[in-house]
RNA sequence: GCCCGCGUGGUGGAAUGGUAGACACAGAGGACUUAAAAUCCUCAGGCUUUAGCCGUGCGAGUUCGAGUCUCGCCGCGGGCACCA
């Protein structure tokens, strides 16, 4: 081979790894004598959308760098891959193009595996599974039954997006501007009986345990803490006037009892029992409640909807002044799921309440004011941080001047001692609703019996499999709704308890359930129970989990709940309570969007390969200029997805891997550029030539050899540090510099061979095929994948002389070279003797001289 | 609307509170070549030129010293419980 050819090299080494079983993780039962530590690295598994995406390449390359590095530092490594295969897109595809979600999904998986294999990831493919495999979801059903037995699951009512035209439940993403995406009908919020996991029982635990997650990003822990949302407040009851029977009290919860003297109304949710009672007796109330329930269920939709209230005519007495009566409104912005579904409004110190008071002409009363300055409470609410000290003008308890926090505590104590309610701690976290009215998910293994009620399936009947057809007729996905619901031969069954005719639950599970325990299943993917305790005990926890920041809250929080629930039900050891020891959240790969507009002004999107770039402007083949929207998240509908398969075919896997790791820090988004891939490819060819064209006759040269070996040890040190701290871009920049050093070095053949072999090893986690090839050319023993990682010699890292910048008043004016170990006084003397300093001082004495050894000198004049 | 991030040359980006722009891309100039490709070498933040001034989204502040810390804005991105 006369030049670098990825097409020749890559398949060869992939076969060599496979033949040597390099990446097959051992079984725990075979490791009794192994003194190697274990290492479990996992990237969030993909949804089988059909083709891999350059973002997948980036994500899995990062994991692969870690996996290969850990292998070469003497670990037993588990690095598996699977597919998060249930979910809506498969059903949508079946709806749009016919076919069956199962066929669509498995065909996509085949394609994606075929696209991933050429990338040379060090994965243990023998452990692969998809969550839609009956073998997997059957064990998930077993878990559900175990959770049910331990009271970790229950049923209650909850609201869903209801499309009144299609008569179906919609996902949030199927609601566009409050309307159903297919029917265009205004969506309403409707209650259904659904299954829930009792995650809220673990609110405190999940919150407290965040402190133990030392290797998680602080921002993720903060987001989870805010999501769980512990608050201290006062729960108390207003007594009512003119209310229907059994409603002589309205319980409210407030985090601001210190503003009780500024209350001007009480608001209740349209789903509050009192609202429902009134709704039943009044067409007017019913009309308002229907109006209030319009729109989607997301918190965002509810927050952004115009605030509306309905005066019920009912009044409540203020707890501290029974002559003072407040109106009771039904309001569309109050959630039944949080607190008691009822609040009191304090327009003086809350923007939303202020808007509401303005709209319905309610009094706005100030309870506290800033320490200094004037405010107009009628014009705008005064909402300072709770930690800020303010002056109370209508004081409930405590000092006149105190912080909001202090005032809340004082008010709670005061109210308690006066028999008005009690202080309570509440959490924002709600129970996890897992029922989905859809086909392509894990069936919930229960049966509804007219006599016995809700009956769990017997474990020996698992898996309850999804039907593929209906007595030989393909299932029809062209009509909205859940096909399981209209599938009599699947739905009708015998009650597992009494044997009488009964009906299966037709709801399936939220796909978050599938992804909440897959990481445990990888430790024993074919066990006949959800986990094999011996394997789980050995391989858990995941030492390094890698995935997108978009999963910071839900997926990770649900997984943390599941690992606890699995421990309670005997499927995981106590030590796996927190399943992910370290978490890394990587950024997205973005690409410019190229668009023109059609006659109606609607955007038309063009593929990157259709566009020629000149002077920062883009043109189509016919010469028309395109509008360039920079750095957008890759999305099929915008035609800005870069297909990695093309890159791999053109340049090879190592180039693709090298490119996605270079330049951008892994946690940040990266912009895909074609020129970047080209440059990466050129560099790899240069590195290959270093090994292939090494001059075997070059004589040794003591000075040059030492200089090069020093560079080598520094590179080993820096690259290793980069790999260990997810600074892959830094490692690569360092490898560029080291490559330059090797290339320019006049060292002898032996030193150059040593340095180049180290270069191959340092590159091996990123460009493993090239590294193997170089290793072979340079006479390395066996596979570089098996070679122990090089260790830097500390003695070679220290320079004898350092360059110190000299600042005058914080601005760099000169620099001096001094021995690294020179003491401060000597350095100061040298600095002050420098002509630039003498000139600046102009005979005066410096006010101050700061010497930071090895860093800087600052002379203050 | 609420929660969490991010913002540095033409571009991607580097920088334990200590020389802002490492390392690359694109660019310019040169070498080699009949020519091109490939490769190699040199230059390169901006404005002025013996030297200096301005520069890390904007405005304040802390500090001997701020891209980095604090406060207030602006812009962009992620999440908001049925997208995964």
Yes/no for residue A:119 being touching a helix residue (DSSP H, G or I) at 6+ places or on another chain (Cβ under 7 Å) and farther than 30 Å from residue A:469 by Cα: yes
Helices (runs of 4 or more DSSP H) contained in region A:47-130 and holding at least 2 residues away from RNA strand B (no atom under 16 Å from the Cβ): A:54-72, A:101-116
Spot the failing condition for residue A:85; the list is (1) farther than 30 Å from residue A:6 by Cα; (2) out of contact with any helix residue (DSSP H, G or I) (no Cβ under 6 Å at 6 or more places or on another chain); (3) in contact (Cβ under 8 Å) with a residue 24 or more places away in the chain, and only one is missed. (2)
Only one of these is in contact with a strand residue (DSSP E or B) (Cβ under 6 Å, 6 or more places away or on another chain), within 16 Å of RNA strand B (Cβ to nearest atom) and assigned to a loop (DSSP other than H, G, I, E, B): A:438, A:430. Name it. A:438
Residue A:397 vs (1) under 17 Å from residue A:347 (Cα atoms); (2) more than 16 Å from RNA strand B (Cβ to nearest atom): all pass except (1)
Residues A:383, A:390: which one is more than 22 Å from residue A:236 (Cβ to Cβ), touching a helix residue (DSSP H, G or I) at 6+ places or on another chain (Cβ under 8 Å) and surrounded by fewer than 16 Cβ atoms within 10 Å (Cβ to Cβ)? A:383
Restricting the first residue to region A:383-395 and requiring it to be more than 11 Å from residue A:371 (Cβ to Cβ), which pairs with a second residue that is within 10 Å of RNA strand B (Cβ to nearest atom) and modelled with pLDDT of 80 or more meet a Cβ separation below 7 Å and a spacing of at least six or different chains? A:383/A:351
Sort out which residues of region A:816-825 are surrounded by 15 or more Cβ atoms within 10 Å (Cβ to Cβ) and either near RNA strand B (Cβ under 9 Å from one of its atoms) or assigned to a strand (DSSP E or B) (or both), and write them in order of number. A:816, A:818
Residue A:455 passes all but one of the listed conditions (1) closer than 16 Å to residue A:442 by Cβ; (2) at pLDDT 95 or above; (3) touching a strand residue (DSSP E or B) at 6+ places or on another chain (Cβ under 9 Å); the exception is number (1)
Regarding residue A:672, is this residue modelled with pLDDT of 85 or more and buried (at least 19 other Cβ atoms within 10 Å of the Cβ)? no
Going through region A:789-815 in order, the residues found to be surrounded by 13 or more Cβ atoms within 10 Å (Cβ to Cβ), within 15 Å of RNA strand B (Cβ to nearest atom) and touching a residue at least 24 places away in the same chain (Cβ under 8 Å) are A:802, A:804, A:805, A:806, A:807, A:808, A:813
Evaluation of residue A:42 against (1) surrounded by fewer than 21 Cβ atoms within 10 Å (Cβ to Cβ); (2) in contact with a strand residue (DSSP E or B) (Cβ under 9 Å, 6 or more places away or on another chain) (one fails), failing number: (1)
Residue list for region A:175-210, restricted to those being in a helix (DSSP H, G or I) and in contact with a helix residue (DSSP H, G or I) (Cβ under 8 Å, 6 or more places away or on another chain): A:199, A:202, A:203, A:205, A:206, A:207, A:209, A:210
With the first residue restricted to region A:826-847 and required to be over 14 Å from residue A:807 (Cα atoms) and away from RNA strand B (no atom under 11 Å from the Cβ), and the second required to be modelled with pLDDT under 85 and in a loop (DSSP other than H, G, I, E, B), Cβ contacts under 8 Å at 6 or more apart or on different chains are A:844/A:861
If I filter region A:252-263 for residues that are in contact (Cβ under 8 Å) with a residue 40 or more places away in the chain and farther than 30 Å from residue A:393 by Cα, do I get at least one hit? no
Only one residue in A:225, A:243 is touching a helix residue (DSSP H, G or I) at 6+ places or on another chain (Cβ under 9 Å) and part of a helix (DSSP H, G or I). Which one? A:225
Looking only at region A:521-536, count every residue that is away from RNA strand B (no atom under 16 Å from the Cβ), under 15 Å from residue A:144 (Cβ atoms) and within 28 Å of the chain's Cα centre (by Cα) and tell me the total. 2
Matching residues in region A:756-773 (in a helix (DSSP H, G or I) and away from RNA strand B (no atom under 16 Å from the Cβ)) number 9
Quick check on my filter: what residues within region A:441-466 are within 18 Å of residue A:143 (Cβ to Cβ) and either without any contact (Cβ under 8 Å) to a residue 24 or more places away in the chain or assigned to a loop (DSSP other than H, G, I, E, B) (or both)? A:441, A:442, A:444, A:445, A:457, A:458, A:460, A:462, A:463, A:464, A:465, A:466
Scanning region A:353-380 residue by residue, those within 16 Å of RNA strand B (Cβ to nearest atom) and either in contact with a strand residue (DSSP E or B) (Cβ under 8 Å, 6 or more places away or on another chain) or modelled with pLDDT of 85 or more (or both) turn out to be A:353, A:354, A:355, A:356, A:358, A:359, A:370, A:371, A:375
Would you pick out the residues in region A:110-132 that are crowded, with 19+ Cβ neighbours inside 10 Å and under 21 Å from residue A:524 (Cα atoms)? A:121, A:122, A:123, A:124, A:127, A:129, A:130, A:131, A:132
Here are some residues: A:76, A:92, A:97, A:157. Which one is under 17 Å from residue A:482 (Cβ atoms) and surrounded by fewer than 20 Cβ atoms within 10 Å (Cβ to Cβ)? A:92
From the set of residues in region A:489-518 that are assigned to a helix (DSSP H, G or I) and away from RNA strand B (no atom under 16 Å from the Cβ), which is surrounded by the most Cβ atoms within 10 Å (Cβ to Cβ)? A:490
Report yes if some residue within region A:304-323 is within 35 Å of the chain's Cα centre (by Cα), part of a helix (DSSP H, G or I) and within 16 Å of RNA strand B (Cβ to nearest atom); otherwise report no. yes
So which of A:294, A:315 ends up being at pLDDT below 90, within 30 Å of residue A:380 (Cβ to Cβ) and surrounded by fewer than 21 Cβ atoms within 10 Å (Cβ to Cβ)? A:294
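The values are calculated or read from the model by the stated rules, or taken from the named source; none is laboratory data. What you see is a predicted model; the values in this text were computed from it and never measured. Positions of Cβ are backbone-derived with ideal geometry, glycine not excepted, and every protein chain shown enters the neighbour counts.
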